[in-house]
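Written below as structure tokens is the structure these notes are about.
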Amino acid sequence: MATRTDAPTRREQILKEAARLFAERGFHGVGVDEIGAAVGISGPGLYRHFAGKDAMLAELLVGISGQLLTGARRRVAEAGGDSADRDCGAVLDSLIEGHIDFALDDRPLITLHDRELDRLRDSDRKLVRQLQRQYVELWVEIVREVYPGLAEPAARSAVHSVFGLLNSTPHLGRPGALPGRGVTAQLLHRMARGAFEAAGTD
């Protein structure tokens, strides 16, 4: 998704258009034929790639949860992993940057998560929740290294609050109405850091 730099596969094109249409009109408001038309293939042709709309939704929501966790782990590892001498402030900044990339580039997936998560079958929904918990706990560990006086429950609340702030992007207006991606990213970063700073201040 936002992390790829090579040309998307047909499967990825289908998922991108499905996410956009599901976010705009709701899961039940979109037909297979419409998704197919958006990528230039027949509706029945989609079944060569996915069993149906439910499978698309599951891959979108499980997929992005896994991508966020994998990306966060990579950013921590690049900063020295568990090394005691790593710059934890820089690691936190990197985690924030990664989540902002998601929040700005994959806005339909935020809407999908909020509206359609309960439509997943139990096993897929549990997997999403499991991946999300691991993602949160990784952030909590780094936040507490940056702000050692912050108790674990407070750090977890702060992380969830910052996610709520960053994931508000679907409500910021249409992409063309924003002041520009770079400016918006900088603003979100300052606000996220400010929230953690406020939480970590005695």
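The values are calculated or read from the model by the stated rules, or taken from the named source; none is laboratory data. Since this is a predicted model, take the numbers as computed values, not measurements. Don't worry about glycine lacking a Cβ; one is built from the backbone with ideal geometry, like all the others, and counts go over all protein chains shown. We work out accessible area using only protein heavy atoms, side chains counted, and drop any ligands, DNA or RNA first. Shrake-Rupley method; radii C 1.70, N 1.55, O 1.52, S 1.80 Å.
Anything in segment 22-36 that is loosely packed, with under 14 Cβ neighbours inside 10 Å and part of a helix (DSSP H, G or I)? List them, or say none.
Scanning segment 22-36 gives 24, 25, 28, 29, 33.
If I filter segment 44-74 down to residues being exposed (fewer than 15 other Cβ atoms within 10 Å of the Cβ) and hydroxyl-bearing (Ser, Thr, Tyr), which single residue comes out as nearest to residue 123 (Cα to Cα)?
The residue in question is 70.
Would you mind telling me which numbered condition in (1) open to solvent by less than 20 Å² (accessible area, probe 1.4 Å); (2) more than 19 Å from the chain's Cα centre (by Cα); (3) in contact (Cβ under 8 Å) with a residue 12 or more places away in the chain residue 79 fails?
(1)
Are any residues in segment 11-25 touching a residue at least 24 places away in the same chain (Cβ under 8 Å) and under 16 Å from residue 43 (Cβ atoms), and if so, which ones?
11, 13, 14, 15, 18, 22
Pull out all pairs, ordered by first then second residue, where Cβ-Cβ is under 9 Å, the residues are six or more apart or on different chains, the first lies in segment 134-152 and is farther than 13 Å from residue 76 by Cα and open to solvent by less than 70 Å² (accessible area, probe 1.4 Å), and the second is among the hydroxyl-bearing types (Ser, Thr, Tyr) and in a loop (DSSP other than H, G, I, E, B).
These pairs meet every condition: 147/201; 149/201.
Wholly within segment 76-188, which helices (runs of 4 or more DSSP H) include no fewer than the required count, namely at least 2 residues that are closer than 24 Å to residue 14 by Cβ?
88-105, 107-116, 122-146
Return the residues of segment 89-106 that are modelled with pLDDT under 95, surrounded by fewer than 20 Cβ atoms within 10 Å (Cβ to Cβ) and not hydrophobic (A, V, I, L, M, F, W, C); say none if nothing qualifies.
Passing the criteria: 89, 105.
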